[in-house]
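Report on the structure given below.
Quick note: the coordinates plus some simple rules give every number you see, no bench work behind them. Keep in mind it's a predicted model, so treat the numbers as computed, not measured. Here the Cβ positions follow ideal geometry from the backbone for every residue, glycine too, while neighbour counts run over all protein chains shown.
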Amino acid sequence: LNQTNWTEATQAVEAAQSIIIVTHVSPDGDAIGSALGLYNMLRQQDKQVTVAVDEGLPDFLAFLPNATDIQPSLTSGTWDLMISTDSSDEPRTGKCGAYARAHSATIINLDHHATNTGFGDIYLVNPEAVSAAEVVFDWWGEAGYALTREVAMPLLTGLVTDTLGFRTSNVKPRTLEIAHDLMALGASLTEVTARALESRPYQVVTVWKQSLPSVMLVNGVISANITIADQVGVEDPDRMEYGLVGWLREVNEAMIAVVFTEEKPDEIKLSLRSKRGYDVSQVALALGGGGHKQASGATVKGTLQEVRERVLPLLYEAVKQGELEIV
Ligand code: 5GP
Ligand code: MN
Ligand code: MN
């Protein structure tokens, strides 16, 4: 999906008194950044605004202004308008999203995933945008709303995290112009980078130690497993982001990297990354997930062994496909 109805979206905001903002489960820097950027802007306009995501705010993003206002669940309320950010499909918005959908008159779908399924009433979906935060920035520009530092900080966080510090292949001169504008408003690039990108608890390293012996490189696909046993001692494994796949993607001989994380004995979370020219989003989509060409994910039923046997051949095929397109 690629459609941005700026005017309709602005009219919906202006007509609304009460607004609920939701984002995707296991929220990353862009999910929280885009949601808080919206929240801080709409609050300044004296709207009655709520922001919620299942399980609430990850600790590493607690430095963002008003981050503690993010609710971990929704049990009451009705709203004139719901805004969903950074979520390519409805299940991705979790229980909070389901509750908000059932209790909101109008839904804005704000996103930057090419795999967006087109749910909701008004679309602000731009797959050219490097982050949902960029879509928020563009929207407020179109609407003529003045940004403050409180809005700029979370938006810069979304931009920095989804581009891995302005290093992904979709970064354009315009991306840096937006970053420039956000910094000029007082958002600190070094603080955002240190807190949102270059930060991990030691527990993560202990899990890497357990997981690394499982690493394999076959047909241009580098893979690793994170089993339940590997995560013993981790306080809250459901919320932990291990970041191993990004590091595996940097291996020269690998075109695609995949980490299989055992969430339950019969449920495996896949984290997929690829080099430029190789597309993992179609594999993720075929498995019921989604994402971007270079970074995608899905959760698949089956044991670790079953899921590996099902998924790895698809990834070998994606490597071949990429090779064909490069020639
Ligand atoms: P990660 O590996 O960091 O969990 O996910 C990478 C990207 O893949 C996310 O930013 C998101 O775009 C996408 N993604 C991950 N898991 C899912 C999923 O279960 N469903 C969908 N639709 N997208 C996912
Ligand atoms: Mn995200
Ligand atoms: Mn995003």
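Computed quantities for the displayed model
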| read-out | value |
| --- | --- |
| Bridge type composition, segment 200-327 - antiparallel percent by DSSP, nearest 5 | 75 |
| Length released on extending from ARG167 to ASP236, taking residue separation times 0.36 nm less the Cα-Cα span | 21.9 nm |
| Candidates per trypsin sites (Lys or Arg not before Pro) in segment 202-290, loop by DSSP, up to 16 other Cβ within 10 Å | ARG276 |
| Top of VAL259, VAL125, VAL215 by mean-square fluctuation, Gaussian network on the chain, Cα under 10 Å | VAL215 |
| Charge dipole (segment 202-326, unit charges on Cβ, about Cα centre) - positive-most of GLN282, TYR202, VAL311 | GLN282 |
| Segment 266-283 - phi-based ³J(HN,Hα) in whole Hz, Karplus 6.51/-1.76/1.60, Gly and Pro as x | 10, 9, 10, 8, 9, 10, 10, 9, 9, 6, 3, x, 10, 10, 9, 5, 5, 5 |
| Footprinting exposure proxy for SER214, SER169 (fewest neighbouring C-beta atoms within 10 Å first) | SER169, SER214 |
| Cα centre as origin, Lys/Arg/Asp/Glu Cβ charges: the chain dipole, Debye | 500 |
| Debye equation applied to the C-alpha atoms of segment 202-326, log10 I(q)/I(0) at 0.15, 0.21 Å⁻¹ | -0.62, -1.21 |
| Calculated on alpha-carbon atoms, Rg and Dmax of the chain in Å | 19.4, 57 |
| Placed amide H near THR115: partners under 5 Å, 5+ positions off or other chain | GLY291 |
| Rounded, prolate or oblate (a/c below 1.5 giving rounded, otherwise prolate when a/b exceeds b/c) for segment 3-196 by Cα gyration tensor | rounded |
| Most mobile of VAL258, VAL160, VAL307 in a GNM of the chain (Cα contacts under 10 Å) | VAL307 |
| Of every Cα-Cα pair in segment 37-103, the percent that sits beyond 19 Å | 33 |
| Degrees, to the nearest 10: 202-211 long Cα axis against longest axis of the chain | 30 |
| Ellipticity estimate at 222 nm from DSSP helix runs (n ≥ 4, -39,500 (n - 2.57)) divided over the chain, nearest 500 | -11500 deg cm²/dmol |
| Antiparallel %, DSSP beta bridges [both residues in the chain], to 5 | 45 |
| Helix 149-162 vs. the chain, principal-axis angle (Cα, 0 to 90°, nearest 10) | 20 |
